[in-house]
Amino acid sequence: MADAIQKDFPLLHHTMNGKHIVYLDNGATTQKPDQVIRSICDYYGGCNANPHRGAYALSVEATEIYENARRRTAAFIKAKRPEEIIFTKNATEALNLVAYSYGFHNIKKGDEILITISEHHSNLVPWQAIAKHVGAKLQYIYLQEDGNLSEEDIKKKLTERTKLVAVTQVSNVLGLKNDLKPIIERAHKMGAVVVVDGSQSVAHMAVNVTELDCDFFAFSGHKMLSPMGIGVLYGRYEILDRMPPFLMGGDMIEYVQEQDTTFAELPAKFEAGTQNVGGAAGLTAAIDYLEKVSFDRVEEIEKELVDYALPKLKELPYVELIGCDSKRHNKTGIIAFNIKDVHPHDVASILDAEGVAIRAGHHCAQPLHRYLGLNASCRASFYLYNTKEDIDRWIEALKKVRGVLGFGA
Amino acid sequence: MALEDIYTELIGEHSRNPEHKHALEGATCTLKGHNPSCGDEITLQIIVKDGKVADAAFTGVGCAISQASTDIMIDLIKGKTVEEAKTLAHKFIGMIKREITDEAELEDLDDALALQNVSNMPARVKCAVLAWHTLDDALSDTKK
């Protein structure tokens with residue numbers, strides 16, 4: 001099975017620094033299968049035209065490819081209707097759309113915005129900006145000992161003053177899946193809307209926004225086998241419908257007069273200018289690919305890899321694991337760690353020389369690192385094409401790190 | 001690029017036991033240098049007296065390359081005039097960016113030449129030059 005999957009990803013057959021590549025930076029971006037790469041080539045090679053505009057067959061075909069991607073995406077995350085899917089360039093743009101079009105107009109002075117300390121900067125900095133601008137208070141849910149969200153903080157800080165809750169489904173550093181349902185239920189009871197960052201979840205587990213009952217859900221295509229430059233914002237229809245446009249320009253209007261404009265219906269209202277149709281075609285192919293493999297299988301592969309890696313890492317006395325204390329039920333395929341005495345960047349460079357790609361730094365989560373008392377960390381993140389051999393190569397490379405810098409084992 | 005060409009004994013020694021990593025009392029100039037993408041952060045402190053770098057030290061966190069580079073830099077600039085120290089900083093940055101390749105011209109970088117191979121590692125260039133940029137900024141400020 002692993003071989004059959006690996007075969008689909010041309011980049012995994014390349015070398016890095018003369019060694020067969022071991023790609024363990026899937027939290028940053030995933031590699032793309034042939035099926036996705038081909039779909040983009042097919043679009044530009046056979047169907048390219050500006051959608052929604054031309055009264056000719058090619059433009060109609062481009063429109064169909066684009067709108068089909070919307071329907072497929074809606075079905076993929078179980079949205080009730082395709083109009084609830086807005087294409088953006090990535091999760092960051094999707095979250096900014098909510099911050100600017102919803103936050104600015106609905107959050108007032110003295111209100112509270114509640115986020116978690118483990119948010120990626122993309123689901124943190126926009127809320128900071130809105131809070132500052134309107135005079136609202138930005139509150140944080142901190143963590144329990146095991147890295148999971150503090151239930152006490154949720155109870156204490158999610159109150160009637162809270163107007164918006166922004167929370168990630170899976171932390172991009174700790175790799176822990178948050179239990180969102182109780183948060184969303186409590187938020188709705190308090191009259192707050194909930195924005196979910198699905199960047200680290202949507203490629204790794206089945207997502208059902210209707211069952212989750214969240215108000216917004218954002219993700220990037222490139223972290224789920226699709227090309228860079230296509231992202232998705234799901235929004236509840238009634239809320240999106242009341243929100244003013246985010247970007248203005250072509251294709252998002254109804255009538256434009258010299259001094260006034262009326263705007264198009266959903267979803268066009270939020271998609272100004274020519275959109276990334278090639279990216280949308282790639283996203284459709286990625287959804288096809290993932291549904292064919294099935295999320296049961298994806299989760300099984302990642303769980304096997306983590307179960308295989310953790311005991312081996314725990315055997316190395318100089319490896320400090322981060323966010324691995326939690327009972328295993330909500331751990332995804334992300335392992336953050338440090339090597340005693342060695343800065344993460346040196347670890348990453350030494351692994352690079354061994355052909356192993358991991359992430360080093362703060363992973364766009366500076367407040368979380370500061371909260372955990374860390375300056376930076378290393379992160380290995382797995383995906384469906386990784387194998388036990390990849391884990392072995394990674395761990396063998398880790399064993400060399402301290403020696404290269406002149407420390408004893 | 002072999003790892004031992006980057007992580008040489010000299011760099012290992014300076015990063016494990018940086019001689020100049022401490023707070024400096026009576027500093028005439030204190031400046032923070034930061035690589036936001038990786039979190040490397042150093043605070044450089046200098047005592048300039050009679051136009052010369054009388055003493056210097058640093059504190060902060062960072063990778064072996066940034067720490068060793070800072071420590072070696074301080075070794076080199078102590079006792080030099082402000083102008084000489086600035087010239088060395090420009091020379092070092094030029095070496096890492098491969099803008100200066102003439103060995104004779106680089107000779108007075110002395111131990112800092114051990115970092116020349118970092119120029120073959122684009123991902124680590126900013127680690128090597130952080131202290132030298134900070135030095136350049138700090139000394140330009142003192143002149144004002």
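Structural remarks
- Test: residue in region A:387-406 that is surrounded by fewer than 19 Cβ atoms within 10 Å (Cβ to Cβ), within 13 Å of chain B (Cβ to nearest Cβ) and part of a loop (DSSP other than H, G, I, E, B): yes
- Condition check for B:LYS91: within 19 Å of B:GLY33 (Cβ to Cβ) and crowded, with 18+ Cβ neighbours inside 10 Å: yes
- Residues satisfying the stated conditions in region B:35-69, i.e. more than 9 Å from chain A (Cβ to nearest Cβ) and among the acidic types (Asp, Glu): B:ASP50, B:ASP55
Okay, residues lined up against (1) surrounded by fewer than 21 Cβ atoms within 10 Å (Cβ to Cβ); (2) in contact with an Asp or Glu (Cβ under 7 Å, 6 or more places away or on another chain); (3) at pLDDT 95 or above:
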{"position": "A:ALA75", "(1), (2), (3)": "yes, no, yes"}
{"position": "A:ARG81", "(1), (2), (3)": "yes, no, yes"}
{"position": "A:ILE85", "(1), (2), (3)": "no, no, yes"}
{"position": "A:ILE113", "(1), (2), (3)": "no, no, yes"}
{"position": "A:VAL134", "(1), (2), (3)": "yes, no, yes"}
{"position": "A:GLN144", "(1), (2), (3)": "yes, no, no"}
{"position": "A:GLU151", "(1), (2), (3)": "yes, no, yes"}
{"position": "A:LYS155", "(1), (2), (3)": "yes, no, yes"}
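- Considering residues of region A:22-67 that are touching a residue at least 40 places away in the same chain (Cβ under 8 Å) and touching a Cys at 6+ places or on another chain (Cβ under 8 Å) only, the residue surrounded by the most Cβ atoms within 10 Å (Cβ to Cβ): A:ALA62
- Residue within region A:302-319 that is away from chain B (no Cβ under 14 Å), in contact (Cβ under 8 Å) with a residue 40 or more places away in the chain, assigned to a loop (DSSP other than H, G, I, E, B) and closer than 30 Å to B:ALA123 by Cα present: yes
- Only listed residue being out of contact with any helix residue (DSSP H, G or I) (no Cβ under 8 Å at 6 or more places or on another chain), farther than 30 Å from A:ALA353 by Cβ and at pLDDT below 95, chosen from B:LYS144, B:LYS78: B:LYS144
- Among (1) outside any loop (DSSP other than H, G, I, E, B); (2) buried (at least 16 other Cβ atoms within 10 Å of the Cβ); (3) at pLDDT below 95 - the single one B:TRP132 does not satisfy: (3)
- Considering residues of region A:363-386 that are in a loop (DSSP other than H, G, I, E, B) and within 14 Å of chain B (Cβ to nearest Cβ) only, the residue surrounded by the most Cβ atoms within 10 Å (Cβ to Cβ): A:ALA365
- From A:ALA187, A:ALA203, residue being crowded, with 17+ Cβ neighbours inside 10 Å, small (Gly, Ala, Ser) and assigned to a helix (DSSP H, G or I): A:ALA187
- Every pair of residues 6+ apart whose Cβ atoms lie under 9 Å, when the first sits in region A:354-381 and is under 26 Å from A:TYR308 (Cβ atoms) and in contact (Cβ under 8 Å) with a residue 12 or more places away in the chain while the second is among the aromatic types (Phe, Trp, Tyr) and part of a strand (DSSP E or B): A:VAL356/A:TYR23; A:ALA357/A:TYR23; A:SER377/A:PHE337; A:CYS378/A:PHE337; A:ARG379/A:PHE337; A:ALA380/A:PHE337
- Top-ranked residue of region A:337-362 - restricted to ones that are β-branched (Val, Ile, Thr) and more than 8 Å from chain B (Cβ to nearest Cβ), ranked as surrounded by the fewest Cβ atoms within 10 Å (Cβ to Cβ): A:ILE339
The values are calculated or read from the model by the stated rules, or taken from the named source; none is laboratory data. All of these numbers come straight from a predicted model, not from anything done at the bench. Because the Cβ atoms are built from the backbone with ideal geometry, glycine has one as well, and the counts that use them run over all protein chains shown.
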